[in-house]
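No value in this document is a laboratory result; all are computed from the given coordinates. No experiment lies behind these values; they were computed from the predicted model shown. Don't worry about glycine lacking a Cβ; one is built from the backbone with ideal geometry, like all the others, and counts go over all protein chains shown.
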Amino acid sequence: MTNDSLSPSSSSNMNVPPKELPIRMISTVIKGFGRGSKELGIPTANLCPQNLISTTSFQNLPTGIYFGFANIQNKVYKAAISIGYNPTYDNEHKTIEPHLIAQQDSPTRFSSKCGETLLEDLYDEKIKLSIVGYLRPELPFEGIDKLIEAIKHDIVQAEQKCDVVDEELGMLVNKEKAWVESDGIDL
């Protein structure tokens, strides 16, 4: 199956039971395949599964594209998060790859192909991640251009949903952003 559209379901929590969200994680950033930065122009801060502390076990993390918040180097970022096997590349191992969205006033905001990327080397840095909501399932794409287009769409959606004012989701967003901002490590 391939996907020619950007997002088959941009607002539902399909395939993810509500009890699974939010998912909180603490880990360190490791070097990934290098495709995000080099090939796609959309870098990610890949989490180390070996030292992952999470409210859901690594094996049971549901695959898909999510939105949430990340804290790295004591800065909080909105994030578009991929959990899974990157079916366009047929990866054999599951990865957790948050794309950190630069602040509106950041000088790096328009420095990448996707237009809002934080461009820094973050290897070995501690990262706190809260996955607040689900955007879409993982899908294989026919070619890099379609994948990049879908990721750009995911990033826009993630940023919008992190700014949500809807009362129910807004309360969850605020709670999880506060957790990510905190110094505590309790999940």
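Students often check this: by mean Cβ neighbours within 10 Å, which of 67-80, 146-159 ranks highest, and how do the rest follow?
67-80, 146-159
Order of 134, 66, 89 from fewest to most other C-beta atoms within 10 Å?
Values: 134 24, 66 29, 89 12.
In increasing order of surrounding Cβ atoms, one gets 89, 134, 66.
Distance check, please: which entries in 75/152; 146/177; 75/161 exceed 25 angstrom between their Cα atoms?
Going by Cα-Cα distance, 146/177 fall outside the 25 Å limit.
In what sequence do 182, 82, 106 fall when counting other Cβ within 10 Å, fewest first?
Least to most surrounded, the residues fall as 182, 106, 82.
How about the range 20-101: which GluC sites (Glu not before Pro) there lie in a loop by DSSP and see at most 13 other Cβ atoms within 10 Å?
Within the range 20-101, the qualifying GluC sites (Glu not before Pro) (loop, at most 13 other Cβ atoms within 10 Å) are 92.
Taking neighbour counts of Cβ atoms within 10 Å as a proxy for exposure, in what order, fewest first, do 124, 183 appear?
Starting with the residue having the fewest Cβ neighbours, the order is 183, 124.
In nm, what is the difference between 0.36 nm times the number of residues separating residue 123 and residue 175 and their Cα-Cα distance?
Extra length available between residue 123 and residue 175 comes to 16.0 nm.
Once you order the gyration tensor axes a ≥ b ≥ c over the Cα atoms, which shape class does the range 118-172 get: rounded for a/c under 1.5, otherwise prolate or oblate by comparing a/b with b/c?
Oblate is the answer for the range 118-172, as a/c is 1.5 or above yet b/c matches or exceeds a/b.
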